[in-house]
Amino acid sequence: MKDIKVIEGTFTDAAGRYAIVVARFNSFVVEALLEGAVDTLVRHGVKPADITVVRVPGAWELPVAAKRIADKGDVDAIIALGAVIRGGTAHFEYVAGEAAKGIAGVQNATGVPIMFGVLTVDTIEQAIERSGTKAGNKGGEAALTALEMVSLFKQL
Ligand code: INI
């Protein structure tokens, strides 16, 4: 990489304002994702006063709430957290698909980085594994990505 200019984010440049949008649906899993996200931000030096938690009913409502927050212009990154767990009908496909598409759309439309911390899993066991047990905590991982993006955007 000699003589090549590389711009990248770090995890040590904590200053920034973060909103965490949290779906209430499947709350036993999603609250664990929220704990992981807050813990990761605070342990990397983000001030609690710079973190705002916004609750919405379900993953379906994450994009529109994220859009409203992004449009206000007072946060540097948004972390969207939810859990969509497959049931016996096609409902899962609609909710998971629109949450993903919607969040991507808001991120691209507003330029505010929005982390996709939404579990889309087949079983409750898979959700539990990803919310603080054997597959880690996807809320914490989303928060790390947010830190990196805020740090990166300060340089771009
Ligand atoms: N919302 C979720 O966050 N996860 C789910 O698994 C889920 N399922 O399976 O139904 C879910 N549905 C609710 C949805 O997000 C909306 O809140 C609801 O349809 C009202 O708009």
- Message: How long are the semi-axes of the equivalent ellipsoid of the stretch 1-48, taking √(5λ) for every eigenvalue λ of the Cα gyration tensor, in whole Å from largest down?
- Response: 31, 13, 9
- Message: Run the Debye formula on the Cα coordinates of the stretch 96-145, all scatterers equal and no solvent, and tell me log10 I(q)/I(0) at q = 0.14, 0.19, 0.29, 0.31 1/Å.
- Response: -0.41, -0.69, -1.05, -1.10
- Once the mean of 1/r over all distinct C-alpha pairs in the stretch 1-86 is inverted, the Kirkwood radius in Å reads 14.2 Å
- Below 19 Å Cα-Cα, how many Lys pairs turn up in the stretch 1-154? Only count pairs eight or more apart in sequence, or on different chains, if you could. 5
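How many percent of the accessible area of the chain is carbon or sulfur, using a 1.4 Å probe?
56 percent
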- Note on the structure: Diffusion coefficient in µm²/s returned for the chain by Stokes-Einstein, Kirkwood Rh over C-alpha pairs, 37 °C and 0.692 mPa s, is 209 µm²/s
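Explain nothing, just the number: relative contact order of the chain, from Cα pairs under 8 Å at least 6 residues apart, as a whole percent. All intermediate terms of the calculation are to be shown ahead of the outcome.
Values: 295 pairs, mean separation 54.0, N = 156.
Relative contact order here is 35 percent.
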- Item | Neighbourhood charge, 10 Å Cβ-Cβ cut-off, centred on Gly9 and excluding it, Lys, Arg +1 and Asp, Glu -1 | -2
- Find the accessible area per residue for the stretch 87-152; the probe is 1.4 Å, ligands and nucleic acids are left out, and the unit is Å². 48 Å²
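The values are calculated or read from the model by the stated rules, or taken from the named source; none is laboratory data. Model, not experiment: these values are computed from the prediction. Here the Cβ is made from the backbone with ideal geometry for all residues, glycine too, and neighbour counts use every protein chain on show. Keep in mind that these areas ignore ligands, DNA and RNA; they rest on the heavy atoms of the full protein, side chains included. Shrake-Rupley method; radii C 1.70, N 1.55, O 1.52, S 1.80 Å.
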